[in-house]
1. Less than 20 Å from a label point 7 Å out along the Cα-to-Cβ axis of Met129: which backbone N atoms in segment 44-66 qualify, by residue?
2. From the residues Ala318, Pro183, Ser171, which one has its Cα farthest along the dipole of segment 65-328 in the positive direction, the dipole being from +1 and -1 charges on Cβ of Lys/Arg and Asp/Glu about the Cα centre?
3. Quick one: pull the percent of accessible area on the chain belonging to carbon and sulfur, 1.4 Å probe, ligands and nucleic acids left out.
4. Assuming 0.36 nm per residue, please report the length gained on full extension of the stretch Lys109 to Asn21 beyond their Cα-Cα distance.
5. Please list the non-local residues whose amide H lies under 5 Å from the amide H of Leu185, H modeled 1.01 Å from N, same-chain partners needing a gap of 5 or more.
6. Using only the C-alpha atoms of the chain, find the volume of their convex hull and express it per residue in Å³.
7. How high is the relative contact order of segment 126-284? Use alpha-carbon pairs under 8 Å, at least six apart in sequence, and give a whole percent.
8. What is the gain in length, in nm to one decimal, between Ser181 and Asp323 on full extension, counting 0.36 nm per residue of separation less the C-alpha to C-alpha distance?
Amino acid sequence: MSTRSTHIAPDADASIRETDNDAAVARLSAAQKGYLHDPYIRHLVPRAHLQQPRPPLINVGTYVRGAAIDALVEQWLQIADKKTKKCQIVSLGAGSDTRFWRIANGTHKDTLATYVEVDFPEVTTRKAMSIRKSKELGAILGGDIQGGTALHAGKYHLLPGDLRMGPTALSTLLTGILDSSLPTLLLFECVLVYMVPSASDAVLRWFVDYFSDAKTPLGAVVYEMFNLEDAFGKVMVSNLKSRNVSIPGAEPYRNLEALSQRFLSTGFNTAHSETLREIRRTWIAPDELERLSMLEMLDEIEELELVLEHYAVSWGLAASGADASWGGWGLGKK
Ligand SMILES: C[S@@+](CC[C@H](N)C(=O)[O-])C[C@H]1O[C@@H](n2cnc3c(N)ncnc32)[C@H](O)[C@@H]1O
């Protein structure tokens, strides 16, 4: 009999998948406290009624990130509505996100031709089960909802896959679902940070190549932590490490220029990045800030700003040969 002990390495991907629960509980908390409107998230969080609310600082962060990404998505749908009538959205590392249901119940529902979500099979299986169990989510999808690790219902496609799979597997996963002639928006909401930069660059390049032949506008939104070299950033990294979560995708992105450069070096033509701190200060309307301040007491604005300056929303556009209206897509000043 062997005397060697069997060492089972902790599953780093399992810890990464767990981050979906954090994101979903944060969104549930922000919705329950009145920061944002999301009637769907409670169907995707297990035992939603027993979850503790998150601290005000987290709720404000969740609000600012959501408001910025909502605005970029809304503008994309508006431009598509005017120019091409239809568009597609692909959410990578979608986790328990509810955006599809919010769009499907909103003013631009007819502009959306296809909505694709990709995440690890363990996450998509769980999400598919929650969707099948919820009358409210199911009613918006319509029809007979089948599914195991994947789920396909009308415009909505939930696909299992590891984004580090490489270009050939990405082609197998997405070809036949995506139409390369439709303007397409990619959403990477707190996901690329968990991948090494070469793997995330390969994903961005695959999409640029897939849409470039048809000269179709391709937009991408990335939200993630960055600027982690200072004392506060180091604490963030070590907190995550204590939960077995490493973030190799944050390493090269020490400032906003580097975040924008990622798009330019993977084939996008234009790119912009902004910290959540700046978005809150310059882009959230004063009456909205006033409304938020009434919801909960925030002790320290300085502390909030310190947290928010370690997160950024970036957006890039690959649209050579497309109608100039797409050039106006982005967060301007409000
Ligand atoms: C922090 S959560 C964010 C979820 C969602 N985008 C949101 O903002 O609410 C990160 C998600 O990315 C997924 N993810 C991370 N790395 C991935 C990979 N290599 N392939 C597929 N999904 C991945 C995780 O499983 C998790 O659902």
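1. Answer for segment 44-66: 44-51.
2. Ser171
3. Values: 8300 of 15610 Å².
Carbon with sulfur: 53 percent of the solvent-accessible area.
4. Taking 0.36 nm per residue and subtracting the Cα distance, the gain is 29.0 nm.
5. Gln88, Ile89, Val90, Gly219
6. Given the Cα convex hull of the chain, per-residue volume reads 165 Å³.
7. Working: 168 pairs, mean separation 28.1, N = 159.
For segment 126-284, the relative contact order is 18 percent.
8. Stretched out fully, the Ser181 to Asp323 stretch lengthens by 49.8 nm.
The values are calculated or read from the model by the stated rules, or taken from the named source; none is laboratory data. These numbers were taken from a predicted model, which means no experiment stands behind them. Quick reminder, even Gly has a Cβ in these numbers, built from the backbone with ideal geometry, and neighbours come from all protein chains shown. Heavy atoms of the whole protein, side chains included, go into the accessibility calculation; ligands, DNA and RNA do not. Shrake-Rupley method; radii C 1.70, N 1.55, O 1.52, S 1.80 Å.
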